[in-house]
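Here's the structure, in structure tokens; my notes come after.
The values are calculated or read from the model by the stated rules, or taken from the named source; none is laboratory data. Worth saying up front: this structure is predicted, and the values here are computed from it rather than measured. Counting neighbours? That spans all protein chains shown, and the Cβs are built from the backbone with ideal geometry, glycine included.
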Amino acid sequence: MQQRQAGRTGLRMSRLGLGTWLWGKDTDMHEARDQLAAFVGAGGTLIDTAAGYGDGLSEQLLGAMLDDVVDRDDVVLATKAGAGQRHGRHLRDTSRGALLRQLDRSLRLLDVDAVDLWQVHVWSNDTPLEETLSALDLAVTSGRARYVGVSNYSGWQTAQAATLQSCTPGSTPLATTQVEYSLLNRDIEEEVLPAAAALGLGVLAWSPLGRGVLTGKYRSGIPADSRAASPVLESNVATYLDQHSRGVVEAVCRAAEGLELSPLEVALAWVRDRPGVTAAIVGARTAAQLRGALTAEDITLPAAIVTALDDVSGSELPDAPG
């Protein structure tokens with residue numbers, strides 16, 4: 001699998017990443033093991049998890065398989081801190097103490113001395129940004145993280161954080177920003193992508209398949225085993241089942257038919273090769289689904305198809321500043 005450099009750093013990773021959001025919830029140990037084996041067998045290196053995924057279950061599963069399914073040094077291990085659940089409530093805490101406590105817990109669950117990329121999972125107005133960023137510096141200087149980044153930051157938040165890190169003596173520059181990006185959600189093109197390009201950050205795109213909708217599985221209804229049929233995950237998908245999204249999905253499916261590819265391959269290749277994107281992170285429920293995504297590695301979309309998909313999916317994008 002092709003490797004790409006993350007922003008203006010020496011960190012290199014595969015242009016497709018393995019997302020583990022469902023590990024420990026909808027994906028059990030056996031499926032997770034098969035996913036990891038398939039991913040590294042295809043040359044993938046970037047594995048993305050978070051302290052808040054399954055309240056640590058994702059990290060625990062991954063840690064149990066490192067140095068068993070794959071050599072630790074052959075992967076780029078990325079995790080996040082600052083968001084999670086406690087007693088059924090969603091919490092976000094980006095204070096220095098909370099972030100470092102989560103990092104230490106992540107290292108124990110992953111059974112490693114350091115992660116390759118440590119990211120602040122969310123923005124929070126409750127903690128001064130300088131304090132949040134100081135946790136990143138401490139993680140690097142203490143040897144617990146090798147590179148750092150942010151996740152789910154808006155354009156101005158990304159720019160402010162990256163500028164503070166670049167201009168503060170002794171601080172560690174941000175390597176990446178992780179944001180949602182797909183043919184059904186191109187919001188980051190207005191501000192986040194330009195900020196990342198100007199400040200030298202690599203972009204990690206999560207949910208490149210529009211939360212599964214771009215696979216075409218919802219064209220004729222809601223499958224019983226899909227996320228949209230789950231009371232817990234229904235709201236996660238519902239955003240992309242509107243009329244505009246249906247039009248985009250139909251365009252992807254027509255393109256796939258003409259190219260003799262799957263809609264998944266078309267949608268994933270589109271995101272992966274967007275300017276500024278370092279890697280597209282695929283979070284599959286099963287190993288079979290992941291293998292279907294890994295076939296996109298050998299696909300390059302024709303320029304005419306890219307243009308057509310840009311046109312149909314961008315019809316509701318905000319106008320550019322005059």
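Filtering region 11-40 down to residues that are of a type outside the set (Asp, Glu) and in a loop (DSSP other than H, G, I, E, B), which residue is farthest from Thr172 (Cα to Cα)?
Here the residue is Lys25.
Per the listing Thr177, Thr132, the residue uniquely among the polar types (S, T, N, Q), in a helix (DSSP H, G or I) and under 21 Å from the mean Cα position of the chain (by Cα) is Thr132.
Does Gly143 count as more than 20 Å from Tyr53 (Cβ to Cβ), at pLDDT below 95, assigned to a loop (DSSP other than H, G, I, E, B) and of a type in the set (Gly, Ala, Ser)? So Gly143 does not fit the description; no. Based on what the data block shows, is Asp28 charged (D, E, K, R), surrounded by fewer than 24 Cβ atoms within 10 Å (Cβ to Cβ) and free of Cβ contacts under 8 Å to residues at least 60 places away in the same chain? So Asp28 passes the test. Those helices (runs of 4 or more DSSP H) of region 218-322 in which 3 or more residues are at pLDDT below 80 occupy 234-238. Filtering region 154-162 for residues that are under 30 Å from Leu241 (Cβ atoms), touching a residue at least 40 places away in the same chain (Cβ under 8 Å) and touching a Lys or Arg at 6+ places or on another chain (Cβ under 8 Å) leaves an empty set.
Scanning region 41-70 for residues that are in a helix (DSSP H, G or I), among the hydrophobic types (A, V, I, L, M, F, W, C) and more than 17 Å from the chain's Cα centre (by Cα) yields Leu57, Leu61, Ala64, Met65. If you go through region 111-138 and keep only what is among the hydrophobic types (A, V, I, L, M, F, W, C), in contact (Cβ under 8 Å) with a residue 40 or more places away in the chain, within 20 Å of Gly56 (Cβ to Cβ) and surrounded by fewer than 24 Cβ atoms within 10 Å (Cβ to Cβ), you end up with Val112, Val122. Trp21 falls short on exactly one of the conditions (1) over 18 Å from the mean Cα position of the chain (by Cα); (2) closer than 29 Å to Asp298 by Cα, and that condition is (1). A Cβ distance below 8 Å, combined with a sequence gap of six or more or placement on separate chains, defines the contacts here; from region 49-63, residues that are within 13 Å of Gly82 (Cβ to Cβ) reach residues that are part of a helix (DSSP H, G or I) in the pairs Ala50/Ser58; Ala50/Glu59; Ala51/Glu59; Ala51/Gln102; Ala51/Leu103; Ala51/Arg105; Ala51/Ser106; Tyr53/Glu59.
May I ask you to verify whether Thr278 is in contact with a strand residue (DSSP E or B) (Cβ under 6 Å, 6 or more places away or on another chain), closer than 28 Å to Gly43 by Cα, touching a residue at least 60 places away in the same chain (Cβ under 8 Å) and of a type in the set (S, T, N, Q)? Answer is yes for this residue.
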